[in-house]
Ligand SMILES: [Zn+2]
Ligand SMILES: [Zn+2]
Ligand SMILES: [Zn+2]
């Protein structure tokens with residue numbers, strides 16, 4: 001599934017597949033929230049999702065986000081001192097989130113990007129078992145760095 005080509009026309013089809021894939025019932029609200037993620041290339045804070053929704057129940061939204069996180073549909077990006085951001089996952093499942101990318105926060109436009117790095121750096125901590133490794137970086141994004 002290529003999310004890079006996720007445009008408005010493709011959304012309804014894509015949604016159907018994604019929700020069926022992850023064994024989630026296709027409630028209109030879940031579709032609506034997913035569509036918002038689909039319309040954003042980069043990570044978005046909850047406030048952006050809230051603004052995009054017309055009339056919603058806050059508890060239903062929190063529950064939807066929680067389910068999407070658990071099912072490996074989206075992941076949470078927490079940068080200290082900031083509101084949590086969420087971005088769509090590419091290759092995650094219900095068991096583990098597996099991200100081979102760096103979270104980059106642009107200090108100028110405040111956008112948070114999921115930037116693929118290949119190969120993803122391996123870190124060895126003797127005696128420790130690493131389940132998840134997250135790398136965060138800040139600076140100027142491609143757009144702002146001109
Ligand atoms: Zn994930
Ligand atoms: Zn920027
Ligand atoms: Zn990410």
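Quick note: the coordinates plus some simple rules give every number you see, no bench work behind them. Every value quoted in this text rests on a predicted model; they were computed, and no experiment measured them. FYI the Cβ positions are ideal-geometry reconstructions off the backbone, even for glycines, and counts take in every protein chain you see.
Every Cα-Cα pair of the stretch 3-139 was included, and the share exceeding 28 Å stands at 19 percent. Taking the C-alpha atoms only, the angle from helix 28-39 to the longest principal axis of the chain is near 40 degrees. Between 0 and 90 degrees, rounded to the nearest ten: what's the tilt of helix 58-70 against the longest Cα principal axis of the chain? With rounding to tens, the tilt is 50 degrees.
Taking 0.36 nm per residue of sequence separation and subtracting the Cα-Cα distance, how much length would be gained by fully extending the chain between residue 120 and residue 80, in nm to one decimal?
Working: separation 40, 0.36 × 40 = 14.40 nm, distance 2.26 nm.
Stretched fully, the residue 120-residue 80 segment lengthens by 12.1 nm.
Using the number of other C-beta atoms within 10 angstrom as an exposure proxy, rank 62, 56, 128 with the fewest first.
Working: 62 11, 56 15, 128 8.
Starting with the residue having the fewest Cβ neighbours, the order is 128, 62, 56.
When Rg and Dmax are taken over the Cα atoms of the stretch 90-146, they come to 13.9, 44 Å. Cβ crowding within 10 Å ranks 95, 102, 33, 117 as 95, 117, 102, 33, fewest other Cβ atoms first. Extending 7 Å from Cα along the Cβ direction at residue 39 and again at residue 60 yields two label points whose distance is 1.7 nm.
Could you state the angle between the C-alpha long axis of helix 8-21 and the longest principal axis of the C-alpha atoms of the chain, as a value from 0 to 90 degrees rounded to the nearest 10? Long axis of 8-21 versus the principal axis of the chain: about 80 degrees.
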